[in-house]
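The structure appears below as structure tokens.
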Amino acid sequence: MRRDITSWFSSNLGMDMPLVAYGHSGYPLLMFPTAAADFLEYERFYLVDAIKDFIEAGLIRAYSINSVNKYSLLNRESHPGWKVEMLSRYDRYITDEVLPLIRNECGDDAKPLTTGASLGAFLAANTYFKHPDLFRGTIAMSGSYDIYNYLESYYDDNVYFNNPMMYLKNLGDGFHLPKLQQADSLVIVTGQGAYEAPDRSRDLSGVLHSKGIPHLLEVWGHDVNHDWEWWRKMLPYYLGRFCN
């Protein structure tokens, strides 16, 4: 399997941001790490191995990037306003820096599918919901889509525009909503076992239903825990629906 690591100094984030690409061709998949993990997390926990058949067959070219969660939502010493400012800068890093790299390698009109587990599911879903013109859809696994509990009741525009459970409820514009209403690759999946919170996925599904946004809500069994064993099963299962 081809594996390429690159890094550059992000003008949006003010730090070096590495990424890794797996594969030689295929549809771009953009992977967001869990919690405060790094761009190699999905390799260390064998999620890349779980989708290697798609990669080696040239169906998928997977890109895995760093998050800024350790400076943002998970940083207990930062002011909430800075936490969400970092999320907005991270969003610009993805659209202004990562997406051009992907399009340079996969085609000028490439619209990556996003994915992530746990806090990575929030990042993946938020990226798609904010930019349905730039991304195809998302496979969000075991996520929570309301970040307000990280912010100590702080509120500003950055909170609103980075919190899907807030902005989706009020979405009624003539640009984002019509594009989301044409979604064909939107999966919200969760388990019901240890440390899972299926009601968070159900709540998001309810908002999507209310807006006429087509999606697939999948609630796996009570033995399905918030853990890598299950994410290694979920991701190839849903990729198989989009890559055949």
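Quick check on my filter: what residues within the range 98-155 are of a type in the set (D, E, K, R) and surrounded by fewer than 18 Cβ atoms within 10 Å (Cβ to Cβ)?
Answer for the range 98-155, where residues must be of a type in the set (D, E, K, R) and surrounded by fewer than 18 Cβ atoms within 10 Å (Cβ to Cβ): Arg103, Glu105, Asp108, Asp109, Asp133, Asp146, Glu152.
Checking the structure you have, find out if any residue of the range 186-206 is over 25 Å from Leu73 (Cα atoms), polar (S, T, N, Q) and not in a helix (DSSP H, G or I).
no
Are any residues in the range 138-152 among the hydroxyl-bearing types (Ser, Thr, Tyr) and in contact (Cβ under 8 Å) with a residue 60 or more places away in the chain, and if so, which ones?
Ser142, Tyr150
Residues of the range 127-164 being within 13 Å of the chain's Cα centre (by Cα) and of a type in the set (Gly, Ala, Ser), which ones?
Result: Gly137, Ala140, Ser142, Gly143, Ser144.
Can you name every residue in the range 145-174 that is in a loop (DSSP other than H, G, I, E, B), of a type outside the set (A, V, I, L, M) and under 19 Å from Ser185 (Cα atoms)?
Tyr145
Out of everything in the range 160-196 that is touching a residue at least 60 places away in the same chain (Cβ under 8 Å) and touching a Phe, Trp or Tyr at 6+ places or on another chain (Cβ under 7 Å), what residue ends up being surrounded by the most Cβ atoms within 10 Å (Cβ to Cβ)?
The extreme case among them is Ser185.
Being closer than 14 Å to Leu101 by Cβ, modelled with pLDDT of 95 or more and surrounded by 14 or more Cβ atoms within 10 Å (Cβ to Cβ) narrows it down to one residue among Phe54, Phe39, Phe45; which is it?
Criteria check complete, one pass: Phe39.
The values are calculated or read from the model by the stated rules, or taken from the named source; none is laboratory data. Not measured: the values here are computed from a predicted model. Glycine gets a Cβ as well: all are built from the backbone with ideal geometry, and neighbour counts include every protein chain shown.
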